[in-house]
Amino acid sequence: MILARDVRGTLAIAAVGVLFMLIAPSVLELFTIINLTTAIALAVLALSLALVWGYGGILCFGQNAFFGIGAYAYTIAAINFGGSSWAILVAILVAVAFAVVIGYVMFYGRVSDVYLAVITLTVSLILYSLIRRTSGPDYKIGKSLLGGFNGITSPPINLPWDPSFVLFPEHVFYVAMGALVVAYLFTSWLTRTHFGRVCVSIRENELRAELLGYDVRLYKLGIFAVGAGVAGLAGVLFCNGVGRVTPDVFNLYNAALTIIWVIVGGRGTLIGPILGAFGLFYLTSALGTQSTVNNNLVLGIILVVFVLGVPKGVIPTLAGWMAARRTRRALRARERRMRLRRARGGGGRNDGAGAGAGPGGGGPAGAGRGAGAPE
Amino acid sequence: MTVTRRRFLAGASASAAALAAPAFIGRAQAADPIKFVSILDQSGGLDIYGKPMVDTTRMAIDELNAAGGLLGREIELKVYDPQSTIQFYTQYATQAAAGDRADVVHAGITSASREAIRPTFSRFQTLYFYNVLYEGGVCDLNCFCTGSTPAQTVEKLVPYTMNKWGKKVYIVAADYNYGQITAQWVQKYVADNGGEAVETEFFPLDVTNFGPTIKKIQAAKPDLVMSALVGGAHVSFYRQYAAAGMNRSVPIASTTFGVGNEHKLISAEEGDGMICAYSYFEEIDSPANQDFVARFKAHRGEGAPALNELAARAYEGAYLWAEAVKQAGTTERMPVIETLRTGLAVDGPSGRVTIEPKTNHALQNVYLAELKDQAFQILEVYEDQPPTDTLLVCDLVADPSQAVFKFENGLEAAGIKM
Amino acid sequence: MDLVAAVGLQILYGIANLALISLGLAIIFGMMRVINLAHGEFLMLGGYTVVIAANAGVNLWVAMLILAPLVVGVIGVVVERLLIRWLYGRMIDTLLATWGLSLLFIGIVTSIFGASTATTISPPLGVVSIGEYTSSAYELLLIGITVALGIAVFLVLKMTSLGLVARGTMQNAEMASALGVSTSRVYMITFGIGAAISGLAGGLLAPVTGVLPTIGAVYIAKAFITVISGGAAILAGTASASVLLGGVNGIAAFLTGPTIGEVALLVTAIVLLRLMPRGITGGLFRKSL
Amino acid sequence: MRQGGEVVLETRGLSMHFGGVRAVDRVDFALYEHELRCLIGPNGAGKSTFFKCLTGQLRPSAGSVVIRDLHVTDREPFEVAALGVGIKTQVPNVFEGLAVEENIWLSARRWHPPARSRSLTAETLERLQLGDIRSSPVGRLAHGQRQWVELGMVVAAEPWLVLLDEPAAGMTHEETVRTAELIREINRTATLIVVEHDMQFIRMISHLVTVFHEGRILMEDTMEAISADPRAREVYLGHRG
């Protein structure tokens, strides 16, 4: 029953996404639509970390490494193939393959917690430094130079298997929004499968999962690789939104930002981090249009206040607050009924149970619990 | 302010255009301000370059408005801060072009940022100015690159310093497109002048320890070091070089030192004797420049940064555009582009800057200067230097439909053999 | 021969440089498991302290050796009291907070001093000659100071009661607290010391590299890579990783060029983390310092 | 005295050292099919360390563990579990954030297809009387209930060999009695090792008891015999006064 409500919620969110995709171009201004591609790309990246960290319990501080690898792989492949269709696939596969290698080293080396976070961050920083050192004409893959600090111009997406028909930025919006909805549905489906639930159980208690006979390393590697694939897709969208890929995708700023979207949106939900990414993107973007206060200063203050004030993240905090409100309201209603009943003098059955069995998805780990009934 | 105005109304045609301007005031849009957008980093690592540029841009627009605006309309300046992040460049460029419907956008510091936004402006047919010294090679009818390019400065700097110090040259350059291309030009001019480039080394932009290289320079015993190092981290080179006592034995020449006001970041004894070449120095001894510097100090108030080529060219870039609008009598893109490409010139603080129509780059003065007590002393002036490098690959007169960056993959890929 | 000596010295300096910028981070990370993303900014603040003090007429040595660690140490303690201490056991929140802090510091310094600081100081001491080659005497001194700093940290951890209590608290906070140790105070002091060492490093490097509000970004990646490659042991880890990475970097940079030098450093780090995911001293967890 | 059948679990010279401490010292141990064996011993006797070596949670310093002719000495816990071994640890290890039902299901689903897992989950909930709290997150349950959830996870996997570390710890008397019943029931289909402190409890379930002392096996006998033995009284029962 909980599952049914959960599925309905997921579908409702996806429907809102599709609706937005259809309506936005006729409501919003052209430049907003074009710029949305970048924001959506970042939201997909946030989603990938929401899966890996929020559900898999793997704190990957270098999620942007897969994002950047996706962007670079797409660009290099598209330049070499002369079209985008296979390049998208290549980008996702390269990101997954890279994650498998990194993940194998970490999970089979039984690295976890802080070390895992810092190693993934280090990997990202290493990629950042490495790719910045590839500016000479000697550094090329096939026809594409790596470009070093300056990066590479990314070929825009074309119609499937028709490289002569290149999409305009406002059309890429549909691709991006579609990809976000698909990625969202895919990840929430995944969290409901046996595989997804085992991953959640590993997050809850690694030893117990192991003692039940699950090869924890394999599952972690699995969800890590899937997350990397989603991040790779985000990279493809991102370099399409920006029109270029530069080593900055690997830097500390982006590594930290990805974590922050998830924290702000809330761990253990998929929609939270997506909204977190959108929110922060528009905040920083709005900050850039003013020049009275230093942007770093404002962003810094917001982050610090946020950590101290809303540590659980916006969506879980809101959900918790709403659940508490519902419970209070239910309690009040129950009291009213009781009073009424007493006034009428009738004993009758106790229907107070309704208040206790309130919505299950209200707590901080709501999504984890949401998978209540087996399949 | 009238003084300024007069200075920029050089030439009879300009005055005529100014007189003709009222004819357009009657239009319905007359009351709308003209939209001038500037996208330059004011936070993050590139703010060293971006902040002075925004300051002088602001000053230019304020002056133009104080003098009655353009075509009787006020100029509205909108400044975006992309926070040293490429994605925001694309974001704000789209917003400026498609959202604000800017009449002109002056934007970009790094080549990466320029290349990220140039296609956007082409697509939305928004006039674009790039006012930064760079590696050359942009060939785009819609894009005006007013900064100096390596061939302009290096061509003068290399023979002068070789003449003065000797023929063995050690090249150190920043490891990215600009540094690589500049180093190639240095190698070419060293060879052309009968010298020898003993070694060329490239440094990633975040290197702060130059010890191994300084030892190699000591081992190679060159007559001079030619530097194309860039950015805050690379300032360390000059300090460590001086700390090893090298500045007294092997002098340095540079095409990049000072453009981020580096000469204010190192001490007098570390920097003295260095020779640099740019199309602008704050110390240029002309009434126009002295006036410009004084006005800038007054405009910016206390804590005004030192002025360099980027800041001066951002100012002159704004005036180049303004002059074209006056002469064209409209802010519409094509007439303004055509007017600019008639060989339009303004006399700014750096002297005369003329648009070269084959490349949309600028003919400009190149100054050679020696650093002394954190200030440059002008040694030589070479007037109206053409952008030789870009001219090799670009002819917009013959083919105006181009919109490419020829040097994206280096000089060799552009067909230039050294 | 002179060349070998000169280059050898240069490589030593590279190693010391790496150790110097990493030690503060290693202490805070190693002892508190706090990932301090504002580490680069601590270094930056140390540099600014020195530049401002020196320009105000304070003796350069006093500014570098006393003022820089003092000021940044105090900032560290304030940060710990106001922010970090609410977040112990919440590693991710600490991360977020310190990153916010890093932006905040950059923002504040830029707002006050501008994007670049127009006054400067040069490395003191003069030049040392090795045959035909010359080196900065100050660089030699920095090697000495780094070694001395390492020894001092070792002695504090090993010999003093503060060090013992700190080590105990880091390994088992509950037990230490049951023994009557004020965990909160130990954390505060540790964070302060970590910050002070970062400040000292930033101050010492200011004459060599200069200061900018955003200079921290240059340091933090290298510091991180060093600390992680080193593993859990603060001193042994930082020292071994600095020697390995700095050595590889210096040799490769001299033989080929700085780009390859940096690439060699990074590739070494990758290979190292492949072979030893917990860093060089990972296997010796809890036993060494 | 031995029950019939073959040896299903055997250790030879099993040792576990921590630094200089020999927590388990050259232990030879054999368990026969259908047996229900209890391991007892005072704190620090090494029974829990021994248990962890059996389940792959610790890698022994020396010696071997053989389960059904298979060397599992250096295997991971999941590989031990994959042999059909059900394991319950000393500190309840459950999925705190998940519902009771899902805890059980995750165990059943490891070995069975979806339909069978569902029915198995339902059966297990019934059998352990967890039906009323099936949707509650385990984190909110009382200690005894959590122990039962963990037992449920062990049962739901239908293991043939069950290793339980202190299954009745922290339970009320009533719960302990039910646990003992359950263990006897499990013993009908599976072989068991139970590590326990509680003598009452051991009396309820066990035939054969192995007494650990200072990392070694002191003696192996019935509960009655052990209660009567002066050595056992001294090292173990003596401690309890």
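The values are calculated or read from the model by the stated rules, or taken from the named source; none is laboratory data. Not measured: the values here are computed from a predicted model. In this analysis, Cβ positions are derived from the backbone assuming ideal geometry, glycine residues included, and neighbour counts consider all displayed protein chains.
Quick one: in region B:354-394, of everything that is assigned to a loop (DSSP other than H, G, I, E, B) and touching a residue at least 60 places away in the same chain (Cβ under 8 Å), which residue is farthest from the chain's Cα centre (by Cα)?
Taking region B:354-394 first, the residues assigned to a loop (DSSP other than H, G, I, E, B) are B:357-360, B:373-374, B:386-387, B:394.
Going one step further and asking which of them are touching a residue at least 60 places away in the same chain (Cβ under 8 Å), we end up with B:359-360, B:373-374, B:386-387, B:394.
Details: B:Thr359: 15, B:Asn360: 14, B:Asp373: 24, B:Gln374: 21, B:Pro386: 14, B:Pro387: 12, B:Cys394: 19 Å.
Selected residue: B:Asp373.
List the pairs whose first member sits in region A:6-35 and is surrounded by 14 or more Cβ atoms within 10 Å (Cβ to Cβ), whose second member is among the basic types (Lys, Arg), and whose Cβ atoms are under 8 Å apart, counting only residues at least 6 apart or on separate chains?
Final answer for the pair search is A:Asp6/A:Arg192; A:Val7/A:Arg192.
Looking only at residues that are surrounded by fewer than 19 Cβ atoms within 10 Å (Cβ to Cβ) and of a type in the set (Asp, Glu) in region D:116-157, which one is nearest to D:Gly5 (Cα to Cα)?
This residue is D:Glu123.
Counting only residues that are more than 8 Å from chain C (Cβ to nearest Cβ) and within 17 Å of the chain's Cα centre (by Cα), how many does region A:254-309 have?
So the answer is 25.
Which condition breaks for D:Ala190 when tested against (1) out of contact with any Leu (no Cβ under 7 Å at 6 or more places or on another chain); (2) touching a residue at least 12 places away in the same chain (Cβ under 8 Å); (3) of a type in the set (Gly, Ala, Ser); (4) more than 14 Å from chain A (Cβ to nearest Cβ)?
Answer for D:Ala190: the failing condition is (1).
Does region D:67-82 contain at least one residue that is in contact with a Leu (Cβ under 8 Å, 6 or more places away or on another chain) and of a type in the set (Lys, Arg)?
In the first step, residues of region D:67-82 are kept if they are in contact with a Leu (Cβ under 8 Å, 6 or more places away or on another chain); the result is D:67-68, D:70, D:72, D:77-78, D:80-81.
Add one more test, that the residue is of a type in the set (Lys, Arg), and what stays is D:68.
Checking region D:67-82: at least one residue is in contact with a Leu (Cβ under 8 Å, 6 or more places away or on another chain) and of a type in the set (Lys, Arg).
Out of all the residues in region C:232-243, is one or more away from chain B (no Cβ under 13 Å) and free of Cβ contacts under 8 Å to residues at least 60 places away in the same chain? Quick ask: steps written out before the conclusion?
Going residue by residue through region C:232-243, those that are away from chain B (no Cβ under 13 Å) are C:232-241, C:243.
So of that shortlist, the ones also free of Cβ contacts under 8 Å to residues at least 60 places away in the same chain come out as C:236, C:240.
Checked against the condition, which is being away from chain B (no Cβ under 13 Å) and free of Cβ contacts under 8 Å to residues at least 60 places away in the same chain, region C:232-243 yields at least one hit.
Find all pairs meeting these conditions: Cβ atoms under 9 angstrom apart; at least six residues apart or on different chains; first residue within region A:279-293 and touching a residue at least 60 places away in the same chain (Cβ under 8 Å); second residue among the β-branched types (Val, Ile, Thr).
That search, which allows pairs on different chains as well, returns A:Phe281/A:Thr38.
Looking only at residues that are assigned to a helix (DSSP H, G or I), more than 9 Å from chain C (Cβ to nearest Cβ) and more than 29 Å from the chain's Cα centre (by Cα) in region B:192-226, which one is farthest from C:Ala16 (Cα to Cα)?
Step one: filter region B:192-226 for residues assigned to a helix (DSSP H, G or I), giving B:192, B:211-220.
Then keep just the ones that are more than 9 Å from chain C (Cβ to nearest Cβ); that gives B:192, B:217, B:220.
Imposing the further condition that a residue be more than 29 Å from the chain's Cα centre (by Cα) reduces the set to B:217, B:220.
Values: B:Ile217: 22, B:Ala220: 26 Å.
Top of the filtered list is B:Ala220.
Can A:Asn80 be described as of a type in the set (S, T, N, Q), crowded, with 24+ Cβ neighbours inside 10 Å, more than 12 Å from chain C (Cβ to nearest Cβ) and assigned to a helix (DSSP H, G or I)? Lay out the reasoning, then the answer.
On the way: of a type in the set (S, T, N, Q): yes; crowded, with 24+ Cβ neighbours inside 10 Å: no; more than 12 Å from chain C (Cβ to nearest Cβ): yes; assigned to a helix (DSSP H, G or I): yes.
Here the answer is no, as A:Asn80 does not meet what is asked.
Exactly one of these conditions fails for D:Ile87: (1) within 12 Å of chain A (Cβ to nearest Cβ); (2) closer than 30 Å to D:Gly215 by Cα; (3) not in a strand (DSSP E or B). Give me its number.
(3)
Return a yes/no flag: does region B:126-147 have any residue that is in a helix (DSSP H, G or I) and either within 11 Å of another protein chain (Cβ to nearest Cβ) or in contact with a helix residue (DSSP H, G or I) (Cβ under 8 Å, 6 or more places away or on another chain) (or both).
Step one: of region B:126-147, the residues in a helix (DSSP H, G or I) are none.
No, that holds for no residue.
Take the residues in region D:50-85 that are β-branched (Val, Ile, Thr) and touching a residue at least 60 places away in the same chain (Cβ under 8 Å); name whichever of them is nearest to D:Thr11 (Cα to Cα).
Within region D:50-85, the first condition is being β-branched (Val, Ile, Thr), and the residues that meet it are D:55, D:65-67, D:72-73, D:80, D:85.
With the extra rule that they be touching a residue at least 60 places away in the same chain (Cβ under 8 Å), the set shrinks to D:55, D:67, D:85.
Numbers: D:Thr55: 12, D:Ile67: 9, D:Val85: 16 Å.
The residue in question is D:Ile67.
Restricting to region C:60-82, what's the tally of residues that are surrounded by 20 or more Cβ atoms within 10 Å (Cβ to Cβ) and either of a type outside the set (Val, Ile, Thr) or in contact with a strand residue (DSSP E or B) (Cβ under 6 Å, 6 or more places away or on another chain) (or both)?
If we filter region C:60-82 for residues that are surrounded by 20 or more Cβ atoms within 10 Å (Cβ to Cβ), which is where we start, we get C:63-64, C:67-69, C:71-73, C:75-76, C:79-80.
Next cut, either of a type outside the set (Val, Ile, Thr) or in contact with a strand residue (DSSP E or B) (Cβ under 6 Å, 6 or more places away or on another chain) (or both) only: C:63-64, C:67-69, C:73, C:76, C:80.
Number satisfying all stated conditions: 8.
Looking only at residues that are within 14 Å of chain C (Cβ to nearest Cβ) and either surrounded by fewer than 21 Cβ atoms within 10 Å (Cβ to Cβ) or at pLDDT 90 or above (or both) in region B:34-81, which one is farthest from B:Ala312 (Cα to Cα)?
Taking region B:34-81 as the starting set, the residues that turn out to be within 14 Å of chain C (Cβ to nearest Cβ) are B:40-55, B:81.
Add one more test, that the residue is either surrounded by fewer than 21 Cβ atoms within 10 Å (Cβ to Cβ) or at pLDDT 90 or above (or both), and what stays is B:40, B:53-55.
Details: B:Leu40: 15, B:Met53: 8, B:Val54: 11, B:Asp55: 10 Å.
Among those that are within 14 Å of chain C (Cβ to nearest Cβ) and either surrounded by fewer than 21 Cβ atoms within 10 Å (Cβ to Cβ) or at pLDDT 90 or above (or both), it is B:Leu40.
Specify the residue that is surrounded by the most Cβ atoms within 10 Å (Cβ to Cβ); the eligible residues are those in region B:201-242 that are without any contact (Cβ under 8 Å) to a residue 24 or more places away in the chain and not basic (Lys, Arg). Give the steps one after another, and end with the answer.
Initial filter on region B:201-242 (without any contact (Cβ under 8 Å) to a residue 24 or more places away in the chain): B:212, B:215-216, B:219.
Add one more test, that the residue is not basic (Lys, Arg), and what stays is B:212, B:219.
On the way: B:Pro212: 25, B:Ala219: 15.
Here the residue is B:Pro212.
Of the residues A:Ile92, A:Ile88, A:Ile131, A:Ile69, only one is within 14 Å of chain B (Cβ to nearest Cβ), touching a residue at least 40 places away in the same chain (Cβ under 8 Å) and in a helix (DSSP H, G or I); which? Even if it seems obvious, please write down each step before you answer.
Values: A:Ile92 fails: within 14 Å of chain B (Cβ to nearest Cβ); A:Ile88 fails: within 14 Å of chain B (Cβ to nearest Cβ); A:Ile69 fails: within 14 Å of chain B (Cβ to nearest Cβ).
Within the list A:Ile92, A:Ile88, A:Ile131, A:Ile69, the selection yields A:Ile131.
If I ask for residues that are part of a loop (DSSP other than H, G, I, E, B) and buried (at least 23 other Cβ atoms within 10 Å of the Cβ), which ones from region A:191-240 would you list? Walk me through it before giving the result.
Within region A:191-240, the subset part of a loop (DSSP other than H, G, I, E, B) is A:193, A:205, A:212-215.
Passing the criteria: A:Leu212, A:Tyr214.
What's the number of the condition C:Gly114 fails, among (1) modelled with pLDDT under 85; (2) in contact with a helix residue (DSSP H, G or I) (Cβ under 7 Å, 6 or more places away or on another chain); (3) at the interface with another protein chain (Cβ under 9 Å from one of its Cβ atoms)?
(2)
Name the single residue, out of those in region D:113-147 being touching a Pro at 6+ places or on another chain (Cβ under 9 Å) and of a type outside the set (Val, Ile, Thr), that is nearest to D:Leu54 (Cα to Cα).
Checked region D:113-147; the qualifying residue nearest to D:Leu54 (Cα to Cα) is D:Gln147.
What are the pairs with Cβ atoms under 7 angstrom where one residue, in region B:60-81, is closer than 16 Å to B:Thr330 by Cα and the other, located anywhere, is among the basic types (Lys, Arg) and assigned to a strand (DSSP E or B)? Sequence gap at least six, or different chains.
Listed pairs, sorted by first residue: B:Glu76/B:Lys35.
All but one of (1) surrounded by 24 or more Cβ atoms within 10 Å (Cβ to Cβ); (2) within 21 Å of A:Asn294 (Cβ to Cβ) hold for C:Val50, so report the exception by its number.
All conditions are met except number (2).
Counting just the residues of region A:165-184 that are within 12 Å of the chain's Cα centre (by Cα) and of a type outside the set (Val, Ile, Thr), which one comes out farthest from B:Ser122 (Cα to Cα)? Before you say what the answer is, go through the steps one by one.
Initially, region A:165-184 is screened for residues within 12 Å of the chain's Cα centre (by Cα), giving A:180-181, A:183-184.
Then drop every residue that is not of a type outside the set (Val, Ile, Thr), which leaves A:180, A:183-184.
Working: A:Leu180: 29, A:Ala183: 33, A:Tyr184: 35 Å.
Among residues in region A:165-184 that are within 12 Å of the chain's Cα centre (by Cα) and of a type outside the set (Val, Ile, Thr), the one farthest from B:Ser122 (Cα to Cα) is A:Tyr184.
Output the number of residues of region D:118-143 satisfying the condition of being small (Gly, Ala, Ser), within 12 Å of chain A (Cβ to nearest Cβ), closer than 13 Å to D:Ile104 by Cβ and assigned to a helix (DSSP H, G or I). Show your work before the answer.
The initial filter retains those residues of region D:118-143 that are small (Gly, Ala, Ser), namely D:119, D:122, D:131, D:135-136, D:139, D:142.
Right, trim to within 12 Å of chain A (Cβ to nearest Cβ) and you get D:119, D:122, D:135-136, D:139.
Retained after the next criterion (residues that are closer than 13 Å to D:Ile104 by Cβ): D:119, D:122, D:135-136.
Filter once more, so that each one left must be assigned to a helix (DSSP H, G or I): D:119, D:122.
The qualifying residues number 2.
Do you know which residues across region B:329-368 are among the small types (Gly, Ala, Ser), in contact with a helix residue (DSSP H, G or I) (Cβ under 6 Å, 6 or more places away or on another chain) and surrounded by fewer than 24 Cβ atoms within 10 Å (Cβ to Cβ)?
Just the residues of region B:329-368 that are among the small types (Gly, Ala, Ser), to begin with: B:329, B:343, B:345, B:348, B:350-351, B:362.
Filter once more, so that each one left must be in contact with a helix residue (DSSP H, G or I) (Cβ under 6 Å, 6 or more places away or on another chain): B:329, B:348, B:350.
Scanning region B:329-368 gives a single hit, B:Gly329.
Say we look at region B:249-279 and pick out the residues that are facing chain C (nearest Cβ under 9 Å) and over 26 Å from B:Pro349 (Cα atoms); which of these is surrounded by the most Cβ atoms within 10 Å (Cβ to Cβ)?
Step by step, filter region B:249-279, then rank; the result is B:Glu270.
When you look at B:Glu282, is it surrounded by fewer than 24 Cβ atoms within 10 Å (Cβ to Cβ) and touching a residue at least 40 places away in the same chain (Cβ under 8 Å), yes or no?
Working: surrounded by fewer than 24 Cβ atoms within 10 Å (Cβ to Cβ): yes; touching a residue at least 40 places away in the same chain (Cβ under 8 Å): yes.
Criteria met by B:Glu282.
Looking only at strands (runs of 3 or more DSSP E) that lie completely in region D:144-241, which have at least 3 residues being farther than 30 Å from D:Leu125 by Cα?
On the way: elements: D:161-165, D:191-195, D:208-213, D:216-222.
Filter on region D:144-241 gives D:208-213, D:216-222.
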